[in-house]
Amino acid sequence: MTAPARTPASSALFAVAIGLGAFLLFLVQFILGKQLLPWFGGAPAVWTTCMLFFQVLLLGGYGYAHLLADRFTPARQRDIHLAALALAAVLLLVRAFVWPAPISPSDAWKPDPEASPILAILGLLAFTVGLPFLVLAATGPLLQSWFSRVRPGVSPYRLYALSNLGSLLGMFSYPFALEPALPIAGQGWVWSIGFFVFAVACAGCAVLAGAAPALAKPSGHVGTVSKPTSGRRLLWFALATIPSTMLLATTSQISQEVAVIPFLWMLPLALYLLSFILCFEYERSYVRALWLPLLVLGAGGATYALFAGVYAGMVLQLVIYLVTLLAYCMVCHGELVRQKPDPKYLTQFYLIVSAGGAAGGIFTGVVAPLLFPEFWELPIALFVGFALAMYVLYRGAWPQRLWLSALSAFGVLVGSLALAGALVYHMREQLDDNMFVTRNFFGVLRVDRASGGNLAYTRLRHGRITHGIQFESEPLSSAPTSYYGQTSGVGLAVEKHPRRLAGEKLHIGVVGLGAGTMASYGRAGDRVRFYEINPAVVALSTGDEPYFTYLQQCEGEVSVVIGDARVALEREQPQGFDVLAIDAFSSDSIPAHLLTVEAVELYFRHLREGGILAVHISNRYLDLDPVVRGIGEKLGLHVEYVEDLENDEVVWQSDWMLLARRERDMDSPDLINALAPKVDPEAPYPLWTDAYSNLLQVLKR
């Protein structure tokens with residue numbers, strides 16, 4: 001009865017189920033991450049929170065697989081898992097009738113501004129894909145355990161490498177195939193159909209496993225037959241926690257400085273999984289003599305990048321952080337493979353590895369934001385990973401000669417102290433001379449005092465970028481400064497607006513509050529309406545003793561809407577703005593959902609006839625001029641570029657794009673004379689939509 005189950009055909013069935021399951025497991029993370037990103041303001045923490053959910057649920061899937069394989073007979077395992085597959089499939093079918101796609105919630109599910117972003121994201125993910133993801137998460141360890149019974153004597157560890165290969169394919173297929181080809185709903189349908197195919201293949205594996213005998217004793221094919229000690233299990237946990245923490249901390253660091261898009265989520269995750277594949281499938285690829293020195297160099301390089309910040313350049317930062325991540329993952333996963341147990345303890349091994357991964361996610365996504373005022377996860381992971389690597393070296397490959405051992409110990413001690421000292425100095429430096437520091441879901445805000453010449457001012461920084469200043473004494477304390485001077489693009493759009501020149505009252509909209517500098521343009525009878533997603537930013541300009549007083553000093557009527565600007569504007573009636581300014585970037589990171597065709601269409605729904613849209617495009621790394629021109633070309637809008645070259649203690653150089661429905665909307669002589677458009681970039685222009693945006697197209701050379 002069991003002979004057919006031991007043919008190569010059964011191996012192929014298991015391979016299809018595990019490979020497809022892993023493919024879907026990672027593909028859904030990008031699909032839902034992309035959909036939720038604009039709902040929560042495009043914050044880098046959206047992806048970190050998604051990863052926290054998926055890692056915890058992955059742990060749940062591994063725990064389910066371990067419990068099923070350890071406590072139940074083969075036939076009972078088959079019945080339970082078939083029921084779980086059927087229930088997940090039924091849930092998807094039911095949602096197909098009420099949502100745009102079985103895993104794509106409708107816009108009615110967008111969160112309220114008062115909702116906790118982390119809890120809202122976790123709740124949405126749990127309701128949307130909780131059970132199907134749990135079933136997929138259990139696939140790897142459960143089917144490998146079944147495979148050991150169906151094909152005794154054949155190593156199941158290659159199926160683990162196949163699982164990681166499927167994960168890589170799921171990741172790369174998203175930004176390069178699925179994302180540019182289909183909208184979110186179409187992506188959801190593709191995934192759902194794939195899940196039904198997977199369910200059939202997995203059900204076939206369950207039937208084969210249910211007819212196979214249980215393992216009576218360890219096979220002895222892999223590792224030792226002895227039960228893993230508690231110390232060995234603790235080492236598994238630590239070796240899995242460090243790469244997970246490094247993955248999320250590195251992704252957060254990159255997203256804070258560049259952009260929050262699936263492509264940049266993919267790069268660190270791809271390296272993380274690549275290390276799994278190399279270490280588990282090609283064990284010889286992990287050579288201590290290569291990867292341990294690279295880890296040491298990477299720790300030093302990442303420390304330099306943390307100090308240098310934006311001055312290191314985007315490409316150099318990416319190379320340093322990604323190479324360092326790969327080195328840490330290779331060392332930890334390589335040592336993990338050297339510690340792998342006999343197949344009898346396979347599900348326990350994967351359960352502990354998954355627990356380590358989830359612990360890294362919880363530390364990065366929950367613990368660190370609550371405990372640390374700055375992004376200190378990466379420095380901590382760098383040092384702890386370095387210390388763990390040195391422990392592994394001491395434990396497994398320490399020189400036996402006394403003099404060489406002493407010299408090595410001295411070198412490790414000096415290196416550890418130097419790394420710790422540099423990282424602690426960097427962490428203290430971030431807090432020095434600040435009047436106020438706070439961290440929440442949307443990032444780190446700092447308020448400090450600085451000076452330009454003899455002029456003292458209060459400064460707001462988000463990440464590494466200044467988001468507004470206010471001078472302490474009149475008349476500059478109520479004047480537009482920094483990127484918002486009267487000769488800037490937005491200054492021209494307001495002060496040279498035909499309605500302003502005619503003495504009429506203006507309605508000004510601003511996406512992104514910052515220090516509130518734009519309120520300085522409000523005159524008596526004007527209305528100035530801000531949209532700000534971060535309540536901590538609003539608190540800096542409100543209350544009895546605000547750090548910035550632009551809102552209080554404004555002569556016009558000021559209102560502030562808390563929440564994501566796109567979500568708020570979608571829910572509001574047309575506001576009839578004369579000028580709408582888009583300035584919601586944090587650090588040099590680009591919230592791509594604010595620069596798409598659909599977003600600009602929404603903005604113009606809220607602009608009255610003759611209204612002007614002003615988009616702030618100043619950026620160290622990205623040339624957003626072609627993006628705005630591409631959107632303007634698609635929507636038939638008139639586009640002008642304004643480069644304000646004035647750069648002194650009060651007003652800084654800035655780049656703005658102005659868009660209007662018709663050229664005559666900007667035909668006032670004062671505005672025309674002030675415009676200084678640069679040479680148009682060569683067409684065709686890139687076209688960013690809600691479904692797809694290509695960051696590589698706009699990198700500055």
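The values are calculated or read from the model by the stated rules, or taken from the named source; none is laboratory data. Since the structure is predicted, the reported quantities are computational estimates derived from the model, not experimental observations. Counting neighbours? That spans all protein chains shown, and the Cβs are built from the backbone with ideal geometry, glycine included.
Could you please give the count of residues in segment 98-150 that are among the β-branched types (Val, Ile, Thr) and within 17 Å of residue 37 (Cβ to Cβ)?
Of segment 98-150, the ones among the β-branched types (Val, Ile, Thr) are 98, 103, 118, 121, 128-129, 135, 139, 150.
Cutting the leftovers down to within 17 Å of residue 37 (Cβ to Cβ) gives us 103, 118, 121, 128-129.
Of the residues in segment 98-150, 5 are among the β-branched types (Val, Ile, Thr) and within 17 Å of residue 37 (Cβ to Cβ).
Being within 22 Å of residue 391 (Cβ to Cβ) and either outside the structural domain of residue 120 (by TED's automatic domain parsing) or charged (D, E, K, R) (or both) holds for only one residue in 374, 281, 335, and it is 335. Restricting attention to segment 342-371, the residues being within 25 Å of the chain's Cα centre (by Cα) and not in a helix (DSSP H, G or I) number 0.
Okay, residues lined up against (1) of a type outside the set (A, V, I, L, M, F, W, C); (2) more than 18 Å from residue 656 (Cα to Cα); (3) touching a Ser or Thr at 6+ places or on another chain (Cβ under 9 Å):
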{"residue": "486", "(1), (2), (3)": "yes, no, no"}
{"residue": "496", "(1), (2), (3)": "yes, no, yes"}
{"residue": "501", "(1), (2), (3)": "no, yes, yes"}
{"residue": "504", "(1), (2), (3)": "yes, yes, no"}
{"residue": "552", "(1), (2), (3)": "yes, yes, yes"}
{"residue": "556", "(1), (2), (3)": "yes, yes, no"}
{"residue": "561", "(1), (2), (3)": "no, yes, no"}
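Quick check: is even one residue across segment 156-165 part of a loop (DSSP other than H, G, I, E, B) and buried (at least 17 other Cβ atoms within 10 Å of the Cβ)?
Filtering segment 156-165 down to residues part of a loop (DSSP other than H, G, I, E, B) leaves 156.
Right, trim to buried (at least 17 other Cβ atoms within 10 Å of the Cβ) and you get 156.
Among the residues of segment 156-165, at least one is part of a loop (DSSP other than H, G, I, E, B) and buried (at least 17 other Cβ atoms within 10 Å of the Cβ), which makes the answer yes.
Go over the candidates 311, 272 one by one and state the one that is among the hydroxyl-bearing types (Ser, Thr, Tyr), assigned to a helix (DSSP H, G or I) and surrounded by fewer than 19 Cβ atoms within 10 Å (Cβ to Cβ). So that I can check it myself, show each step before the final result.
Numbers: 272 fails: surrounded by fewer than 19 Cβ atoms within 10 Å (Cβ to Cβ).
Criteria check complete, one pass: 311.
Look at segment 266-290: where a residue is among the polar types (S, T, N, Q) and a partner is part of a helix (DSSP H, G or I), sitting 6+ places away or on another chain with Cβ atoms under 6 Å, you get 275/329; 275/330; 275/333; 285/278. Taking the criterion of being over 11 Å from residue 328 (Cα atoms) and assigned to a helix (DSSP H, G or I), the residues of segment 229-239 that qualify are 230, 231, 232, 233, 234, 235, 236, 237, 238. Taking each residue of segment 314-342 that is at pLDDT below 85 and looking for partners that are polar (S, T, N, Q) with beta-carbon atoms closer than 9 Å, six or more apart or interchain, yields 341/224; 341/226; 341/348; 342/219; 342/224; 342/226. Total residues in segment 65-106 satisfying the condition of being outside any loop (DSSP other than H, G, I, E, B), out of contact with any Pro (no Cβ under 6 Å at 6 or more places or on another chain) and over 15 Å from residue 127 (Cα atoms): the figure is 19.
Note on segment 600-690: enclosed strands (runs of 3 or more DSSP E) holding 1 or more residues that are surrounded by fewer than 20 Cβ atoms within 10 Å (Cβ to Cβ) and modelled with pLDDT of 90 or more are 607-616, 638-644.
Among what's in segment 468-522 and is acidic (Asp, Glu) and farther than 24 Å from residue 547 by Cα, pick the residue that is surrounded by the fewest Cβ atoms within 10 Å (Cβ to Cβ). Out of the qualifying residues, it is 504.
In segment 588-607, the condition of being touching a helix residue (DSSP H, G or I) at 6+ places or on another chain (Cβ under 7 Å) and polar (S, T, N, Q) is met by at least one residue.
One line per residue, one yes/no per condition, for (1) in a helix (DSSP H, G or I); (2) under 22 Å from residue 553 (Cβ atoms); (3) at pLDDT 90 or above:
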position	(1), (2), (3)
430	yes, no, no
436	no, yes, yes
444	no, no, no
450	no, yes, no
466	no, yes, no
469	no, yes, yes
474	no, yes, no
494	yes, yes, yes
500	yes, yes, yes
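Listed by first and then second residue, the pairs linking a residue in segment 618-640 that is in the same structural domain as residue 583 (by TED's automatic domain parsing) and more than 10 Å from residue 597 (Cα to Cα) to a residue that is basic (Lys, Arg) and at pLDDT 90 or above, with Cβ atoms under 9 Å apart and 6 or more places separating them unless they lie on different chains, are 636/661; 637/661; 637/662; 638/661; 638/662; 639/629. Within segment 29-64, being small (Gly, Ala, Ser), assigned to a helix (DSSP H, G or I) and farther than 13 Å from residue 174 by Cβ holds for 45, 60, 61, 63.
Of everything in segment 554-576, what is surrounded by fewer than 16 Cβ atoms within 10 Å (Cβ to Cβ) and over 24 Å from residue 598 (Cα atoms)? Give them in sequence order.
Our first condition is that a residue be surrounded by fewer than 16 Cβ atoms within 10 Å (Cβ to Cβ); within segment 554-576, this holds for 555, 557, 559, 570-574, 576.
Answer for segment 554-576, where residues must be surrounded by fewer than 16 Cβ atoms within 10 Å (Cβ to Cβ) and over 24 Å from residue 598 (Cα atoms): 555, 557, 559.
Please go through segment 606-646 and pick out each residue that is small (Gly, Ala, Ser) and over 15 Å from residue 577 (Cβ atoms).
At the first step, the residues of segment 606-646 found to be small (Gly, Ala, Ser) are 610-611, 614, 618, 630, 632, 636.
The answer is 618, 630, 632, 636.
Residues in segment 372-394 that are over 19 Å from residue 320 (Cβ atoms) and assigned to a loop (DSSP other than H, G, I, E, B) were compared, and the one that is nearest to the chain's Cα centre (by Cα) is 374.
Scanning segment 560-575 for residues that are in a loop (DSSP other than H, G, I, E, B) and on the phi < 0 side of the Ramachandran plot yields 564, 572, 573, 574, 575. Candidates in segment 523-553 are the residues that are small (Gly, Ala, Ser) and under 19 Å from residue 438 (Cα atoms); of these, the one that is surrounded by the most Cβ atoms within 10 Å (Cβ to Cβ) is 541.
Just one of the numbered conditions (1) touching a Leu at 6+ places or on another chain (Cβ under 9 Å); (2) among the hydroxyl-bearing types (Ser, Thr, Tyr); (3) in a loop (DSSP other than H, G, I, E, B); (4) within 24 Å of residue 443 (Cβ to Cβ) is not true of residue 484: (1). Among the residues of segment 168-176, not a single one is closer than 19 Å to residue 351 by Cα and surrounded by 24 or more Cβ atoms within 10 Å (Cβ to Cβ).
The numbered conditions (1) under 27 Å from residue 663 (Cβ atoms); (2) in contact (Cβ under 8 Å) with a residue 40 or more places away in the chain; (3) outside any strand (DSSP E or B) are all true for residue 520 except (1).
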